[in-house]
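Below is one structure, written out as structure tokens; the observations come after it.
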Amino acid sequence: MKVAVIGAGLAGSEVAYKIAQAGYKVDLYEMRPEKQTPAHKTPYFAEIVCSNSFGSESLTSGAGLLKKEMEILGSIILDVAKEFKVPAGQAFAVDREKFSKRLTEILENHPNINVIRQEVKTLPDADIIVIATGPLTSEEFSKEIQKITGSEYLYFYDAIAPVVDASTVDFSKGFWADRYGKGTGDYFNCVLSKQEYEIFYQELLKGEQVPLKDFERAVYFEGCLPIEEIARRGKETLLYGPMKPVGLIDPKTGKRPYAVVQLRKENIEGTLLSLVGFQTKLKYPEQKRIFSLIPALKDAEFVKLGSIHRNTFIQSQKLLKPTLQLREKPNILFAGQITGVEGYMASAATGIIAGINVVRMLEGKEPVIPPKTTMIGGLINYITTAKNELQPMGPNYALLPELEEKIKGKEERKLKKAEIALKDIKEWIKEIESAVFI
């Protein structure tokens, strides 16, 4: 059977290496340097274009647990990254050029990997195809993805609102309700008095913003306006926009609040809540400072902060099985940021799972799903079951199921979840008899 992997980024590199190491031939397509993206500069695979950090190594962070799981599953990205690690405290940082150059050498010299340096415009002739073209997928291939998935399911930018860990919200500072009493009370309304609103408004106007990159400028006008831009249009504009209190009565007072910030469940379990309409270009520390002025969020843990930037990704919850196969065309798999995961390690992790499943398909076995108790499993569960419109998500502990036993202390709870995750990923590997683990 012929196998093609499109895109040699972090995810595509993991996929191709897993397949090749299992003894199967694979065609790996990469359009660079023949056709560069607005962000990439080199011809190397898995070029790191933003921060050179792969996130914290601490097991109390989602990124730390994810890397441990990837090590257990086997990760060419982490293996090479360790060779070119640079001091960065608790963070795992790399010399980006040496890392990408070495990875490229390994893949180009692998006897089972046939590297094809050209832009893919239509699906290649192959029995199994993995699409791992990333957030800056070319315009031509984006059209091809639209044909495969349906145009309404491919997004070209993300306008992300912050997401908080539900267990850290002060639910005494608001109430659950839908506007005009419709629905089943799915929104938590964080209440603000006039004075609280005015303080929040003034700080929002003062907040430092991230400058837009040149290739992102169109997004700004096509997409949702950042909340700070709405605020600049006038002191009361937010009260007629995302913070409008119409149709809501505070059960404590029997009156309509002056202003509200609505929180909506981001996952079926309700452990993640997003701030509705709060997409923003504020710098990360500013977001934490300003959004913590909302009384219910005073001590909230932000598991994801808001952003607006160019990002090609599919609505995986409508399209993918948790095996990362297309529901309608299971011989096509997706991996990396195009699936709706966010960050270097999450992208690489989906590549590992896609690679494992391609090998299983080649062996005539059923594709597999990692346990939901693991960070890899939690991420894939999130992107394939997101309750509303999918917004990209990186590794965080709110993706994992709540513990059955009561444990005091946030760090202690995270460490217990990590212990369960690492035990479960090891047991999962034992259950999978596949060439990828031999």
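Checking each residue in segment 169-204 for being at negative phi and surrounded by fewer than 12 Cβ atoms within 10 Å (Cβ to Cβ) picks out SER172, LYS182, THR184, LYS194, GLN195. Do we find a residue being on the phi < 0 side of the Ramachandran plot, touching a Cys at 6+ places or on another chain (Cβ under 9 Å) and at pLDDT 95 or above anywhere in segment 327-334? The answer is no, given that none of the residues of segment 327-334 is on the phi < 0 side of the Ramachandran plot, touching a Cys at 6+ places or on another chain (Cβ under 9 Å) and at pLDDT 95 or above.
For ILE48, the conditions (1) touching a residue at least 24 places away in the same chain (Cβ under 8 Å); (2) aliphatic (A, V, I, L, M); (3) surrounded by fewer than 21 Cβ atoms within 10 Å (Cβ to Cβ) are fulfilled apart from (3).
So GLY378 ticks every box in (1) touching a residue at least 24 places away in the same chain (Cβ under 8 Å); (2) surrounded by 24 or more Cβ atoms within 10 Å (Cβ to Cβ); (3) assigned to a helix (DSSP H, G or I) but one. Which box is left unticked? That leaves (1) as the condition not met.
Might you let me know whether segment 99-118 holds any residue that is within 23 Å of THR350 (Cβ to Cβ), charged (D, E, K, R), in the same structural domain as LYS25 (by TED's automatic domain parsing) and in contact with a Lys or Arg (Cβ under 8 Å, 6 or more places away or on another chain)? No: zero hits.
Taken over segment 329-356, the criterion of being within 27 Å of LEU59 (Cα to Cα) and either polar (S, T, N, Q) or assigned to a loop (DSSP other than H, G, I, E, B) (or both) is satisfied by ALA335, GLY336, GLN337, THR339, GLY340, GLU342, GLY343, SER347, THR350.
Of everything in segment 87-128, what is of a type outside the set (A, V, I, L, M, F, W, C), modelled with pLDDT under 95 and farther than 21 Å from ARG32 by Cα? Give them in sequence order. Once the filter is applied, which keeps residues that are of a type outside the set (A, V, I, L, M, F, W, C), modelled with pLDDT under 95 and farther than 21 Å from ARG32 by Cα, segment 87-128 yields PRO87, GLY89, GLN90. Being crowded, with 16+ Cβ neighbours inside 10 Å, outside any loop (DSSP other than H, G, I, E, B) and among the aliphatic types (A, V, I, L, M): is that true of LEU263 here? When the stated conditions are applied, LEU263 passes them. Sort out which residues of segment 381-438 are out of contact with any Gly (no Cβ under 9 Å at 6 or more places or on another chain), crowded, with 22+ Cβ neighbours inside 10 Å and either within 29 Å of GLN21 (Cα to Cα) or small (Gly, Ala, Ser) (or both), and write them in order of number. Once the filter is applied, which keeps residues that are out of contact with any Gly (no Cβ under 9 Å at 6 or more places or on another chain), crowded, with 22+ Cβ neighbours inside 10 Å and either within 29 Å of GLN21 (Cα to Cα) or small (Gly, Ala, Ser) (or both), segment 381-438 yields only ASN381. Going through ASN396, ASN388, ASN381 one at a time, which residue ends up being at pLDDT below 95 and either assigned by TED's automatic domain parsing to the domain that holds GLN315 or within 17 Å of GLY270 (Cα to Cα) (or both)? Going through ASN396, ASN388, ASN381 in turn, just one is at pLDDT below 95 and either assigned by TED's automatic domain parsing to the domain that holds GLN315 or within 17 Å of GLY270 (Cα to Cα) (or both): ASN388. Can you name the residue in segment 266-278 that is at pLDDT 90 or above and assigned to a loop (DSSP other than H, G, I, E, B) and is also farthest from ASP170 (Cα to Cα) among such residues? Across segment 266-278, the extreme among qualifying residues is PHE278.
Do you know which residues across segment 14-45 are surrounded by 24 or more Cβ atoms within 10 Å (Cβ to Cβ) and touching a Phe, Trp or Tyr at 6+ places or on another chain (Cβ under 8 Å)? GLU30, the sole residue that qualifies. Across segment 389-412, the qualifying residues are those that are assigned to a loop (DSSP other than H, G, I, E, B), of a type outside the set (D, E, K, R) and within 15 Å of the chain's Cα centre (by Cα), and the one among them that is farthest from GLY64 (Cα to Cα) is LEU390.
Among the residues of segment 1-41, those that are of a type outside the set (A, V, I, L, M), farther than 15 Å from ILE106 by Cα and under 22 Å from the mean Cα position of the chain (by Cα) comprise GLY7, THR37, PRO38, HIS40.
How many of the residues in segment 110-137 are part of a loop (DSSP other than H, G, I, E, B) and more than 13 Å from PHE45 (Cα to Cα)? Result for segment 110-137: 16.
Out of all the residues in segment 149-156, is one or more part of a loop (DSSP other than H, G, I, E, B) and out of contact with any Cys (no Cβ under 9 Å at 6 or more places or on another chain)? Scanning segment 149-156, I find at least one residue that is part of a loop (DSSP other than H, G, I, E, B) and out of contact with any Cys (no Cβ under 9 Å at 6 or more places or on another chain), so the answer is yes. Residues of segment 284-339 that are charged (D, E, K, R), more than 19 Å from GLN262 (Cβ to Cβ) and surrounded by 17 or more Cβ atoms within 10 Å (Cβ to Cβ): GLU286, ARG310.
The values are calculated or read from the model by the stated rules, or taken from the named source; none is laboratory data. A quick note: this is a predicted structure, and the numbers were derived from the prediction, not measured. So basically every Cβ, Gly included, is an ideal-geometry build from the backbone, and we count neighbours across all protein chains shown.
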